[in-house]
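A.B. asks: Before anything else, here's the structure in question.
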Ligand SMILES: Cc1cc2nc3c(=O)[nH]c(=O)nc-3n(C[C@H](O)[C@H](O)[C@H](O)COP(=O)(O)OP(=O)(O)OC[C@H]3O[C@@H](n4cnc5c(N)ncnc54)[C@H](O)[C@@H]3O)c2cc1C
């Protein structure tokens, strides 16, 4: 017979989002929690990451609010040189493991069920023993809604002939043979990471072929630095962004102005990107990637056959010794929006653009401090995850509106400034009356905000009409 266990919250998933939610509940209340995950260790998809993966945002605003992830250093070598450190996958996993062992479990308020699956209706089952538990919880927190997909665990949507040396990026560092030629499939962040790893390991650019179904607008990582010395870059880019939107005459013109303002980068200035996934690169990384000249722009792959790769708009030959690397897992597979709060379920989604962990922490704070479900959903309007270039319009509009609504809410501004995962509010609040250059940037931002919102609304209407 199943054992019955009780808690205030049942959190499904011990990935970054579930854990960031739990951390805020632990810091701000006496509530008890049960965390269940199919994985053996906290950290979710990071358990299966390729060895050369890193965060693509500075460590200082990733993880959970109560525990620092950054070591407070800037990279002195490599392609991120001069910018704040990016934790490796191994560091991210160690961080979550420590948090569980040293903070969550000793608190006596968290019970953790690794290697257990949530079956629905309050039932969890141990994968290893089959034992089931009935959980009686006031609220269920679903951190699995986005259905993250990563190279090591996803199934490609195209066929692959058995004879092809086809692998996820995870296998590359394990190779003990010379790479004569390698084809990377996928133009997203994983494709970028893989190309950079190959180049850093000395594989000649001429031996790398990069299949790029869609080019992406990329974010200059220099503009995501949450430390004061980067104020002009980070907050300056925000001001530049608002001015670019406000002064634009069309959506295409807006993207070009955003590029001119240094907000966006792209791999090839002759190709207008059609994708936006919020990936960041440094200028040095972009320069390296530019060395790869064999870029195949023939749409998506439909089949990897023994001697050719078939794409939607053509085909390319596949030499005998070529390695083919699958970088086509799209991190997020569910882009539908659901209300964050419903009767007794909290569905974790982003309420600030590209920030799942900040969002989870914010949602926990709202749940603890507000009763009315409508008010909670009003404060936690979902900022949708982007896919196409034009999705950036909706994302930016909702992001700005959320920021506006939050600024009107008593106490919330202070909470945001004190939350490590926020990154930027404290930076803005810390500007002194004599820091004229920084004040000028803030004024530019304020001046352009309203016209930018109006322009975004106009573009939203055009997108809704299908233009
Ligand atoms: C390579 C890579 C780099 C990234 N870098 C950044 C970055 O720099 N900054 C940033 O903000 N974001 C980044 N992201 C986005 C990333 O998605 C989030 O950072 C975060 O790790 C996602 O965590 P999650 O908890 O939402 O999802 P997941 O990591 O997918 O966790 C969900 C968990 O739920 C568990 N689960 C699912 N179903 C069940 C069930 N029925 N029963 C029990 N358990 C279940 C799974 O086992 C999993 O452990 C990156 C993503 C990738 C792929």
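Read-outs throughout are calculated quantities, based only on the coordinates presented, and are distinct from any laboratory measurement. Just so it is clear, the model here is predicted, and its values are computed rather than measured. Ideal geometry is used to build each Cβ from the backbone, glycine not excepted, and the neighbour counts take in all protein chains shown.
A.B. asks: Once the convex hull of the alpha carbons of segment 298-436 is built, what does its volume come to per residue, in cubic angstrom?
C.D. replies: Dividing the Cα hull volume of segment 298-436 by its residues yields 197 Å³.
A.B. asks: May I have the pair-distance distribution P(r) for segment 357-420, computed from all Cα-Cα distances with 5 Å bins from 0 and rounded to whole percent?
C.D. replies: Whole-percent P(r) values from 0 Å outward: 3, 16, 26, 26, 16, 8, 4, 1.
A.B. asks: Contact order normalised by length for the chain, with contacts defined as Cα pairs under 8 Å and 6 or more residues apart; what percent is it?
C.D. replies: It comes to 20 percent, rounded to a whole number.
A.B. asks: Arrange the following residues from fewest to most other Cβ atoms within 10 Å of their Cβ: 148, 103, 153.
C.D. replies: Values: 148 23, 103 17, 153 13.
If I rank by nearby Cβ atoms, fewest first, I get 153, 103, 148.
A.B. asks: According to the Cα gyration tensor, what semi-axes, each the square root of 5 times an eigenvalue, does the equivalent ellipsoid of segment 357-467 have, listed from largest to smallest in whole Å?
C.D. replies: 25, 23, 12
A.B. asks: Which semi-axes, in whole Å and largest first, does the equivalent ellipsoid of segment 109-168 have when worked out from the alpha carbon gyration tensor as the square roots of 5 times its eigenvalues?
C.D. replies: 35, 14, 10
A.B. asks: Continuing with the same structure: Give me the one-decimal Kirkwood hydrodynamic radius in Å for the chain, with the sum taken over alpha-carbon pairs.
C.D. replies: So the Kirkwood estimate lands at 23.7 Å.
A.B. asks: Taking 8 Å as the Cα distance limit and 6 or more residues as the minimum spacing, I'd like the relative contact order of segment 359-465 as a percentage. Before the final figure, lay out the partial values.
C.D. replies: Numbers: 46 pairs, mean separation 23.9, N = 107.
Once divided by the residue count of segment 359-465, the mean separation gives 22 percent.
A.B. asks: What whole-number distance in Å separates the alpha-carbon centres of segment 90-133 and segment 152-197?
C.D. replies: 32 Å
A.B. asks: Got a sec? Which residues in segment 249-284 would a label at residue 149 touch, if it sits 7 Å along Cα→Cβ and we count backbone N under 16 Å?
C.D. replies: Once the point is set 7 Å along Cα→Cβ of residue 149, 277 turn out to lie under 16 Å by backbone N, inside segment 249-284.
A.B. asks: At q = 0.11 Å⁻¹, what log₁₀ I(q)/I(0) does a Debye calculation on the Cα points of segment 99-210 give, no solvent, two decimals?
C.D. replies: Normalising to I(0) and taking log10 leaves -0.65.
A.B. asks: Computed from the mean reciprocal separation of all distinct C-alpha pairs, what Kirkwood hydrodynamic radius does segment 232-303 have, in Å?
C.D. replies: It is 14.0 Å.
A.B. asks: Separate question: Along Cα→Cβ, 7 Å out, is where each label goes; now give me the distance between the ones at residue 41 and residue 107 in nm to one decimal.
C.D. replies: Here the answer is 2.2 nm between the modelled labels.
A.B. asks: Along the three principal axes, how long is segment 191-251 when you take its alpha carbons, biggest first, rounded to the nearest angstrom?
C.D. replies: Here the spans come out as 43, 34, 13 Å, largest first.
A.B. asks: Kirkwood Rh, segment 160-229, all Cα pairs: how many Å?
C.D. replies: For segment 160-229, inverting the mean 1/r across all distinct Cα pairs yields 14.2 Å.
A.B. asks: Just to verify a number: FRET efficiency for residue 232 and residue 73, C-beta to C-beta distance, R0 = 25 Å, to 0.05?
C.D. replies: 0.75
A.B. asks: For segment 356-395 and segment 396-467, what is the separation of their C-alpha centers, rounded to whole Å?
C.D. replies: If we compute the Cα centre of each part, the gap is 15 Å.
A.B. asks: Any idea what % of Cα-Cα pairs in segment 304-365 are farther than 13 Å?
C.D. replies: Every Cα pair in segment 304-365 considered, those over 13 Å come to 74 percent.
A.B. asks: Sticking with this structure for a sec: Would you please report the Å³ per residue occupied by the convex hull of the alpha carbon atoms in segment 13-156?
C.D. replies: So the per-residue Cα hull volume is 128 Å³.
A.B. asks: Tell me what the chain gives for mean residue ellipticity at 222 nm when only DSSP H runs of n ≥ 4 count, each as -39,500 (n - 2.57), the sum divided by the residue total, rounded to 500 deg cm²/dmol. Working shown, then result.
C.D. replies: Numbers: 12 runs with 149 residues, N = 467.
Result for the chain, helices only: -10000 deg cm²/dmol.
A.B. asks: To continue, here is another question. Sorted by average packing, counted as other Cβ atoms within 10 angstrom per residue and highest first, what order do 392-400, 187-195 take?
C.D. replies: Result, highest mean first: 187-195, 392-400.
A.B. asks: Restricting to the chain, compute how many DSSP beta bridges are antiparallel as a %, nearest 5.
C.D. replies: For the chain, the DSSP antiparallel bridge percentage is about 35.
A.B. asks: If we sort 401-413, 249-261 on the protection proxy, mean other Cβ atoms within 10 Å, highest first, what's the order?
C.D. replies: By packing density, highest mean first, the sequence is 249-261, 401-413.
A.B. asks: Now a separate question. Quote to one decimal, in nm, the extra length available between residue 436 and residue 256 on full extension: 0.36 nm per residue of separation minus the C-alpha distance between them.
C.D. replies: 61.9 nm
A.B. asks: Rounded, prolate or oblate for segment 1-68? Axes are the square roots of the Cα gyration tensor eigenvalues, ordered a ≥ b ≥ c, and the cut-off for rounded is a/c under 1.5.
C.D. replies: oblate
A.B. asks: Right, something else. Using the alpha-carbon centroid of each, what span in Å lies between segment 203-221 and segment 267-301?
C.D. replies: Going from one Cα centre to the other spans 4 Å.
A.B. asks: Sequence gap at least 6, Cα distance under 8 Å: using those rules, report the relative contact order of segment 1-122 to the nearest whole percent.
C.D. replies: For segment 1-122, the relative contact order is 32 percent.
A.B. asks: Another question about this same structure. Taking the simple approach of a point 7 Å from Cα along Cα-to-Cβ for both residue 375 and residue 401, what is their distance in nm?
C.D. replies: Computed distance between label sites residue 375 and residue 401 equals 2.1 nm.
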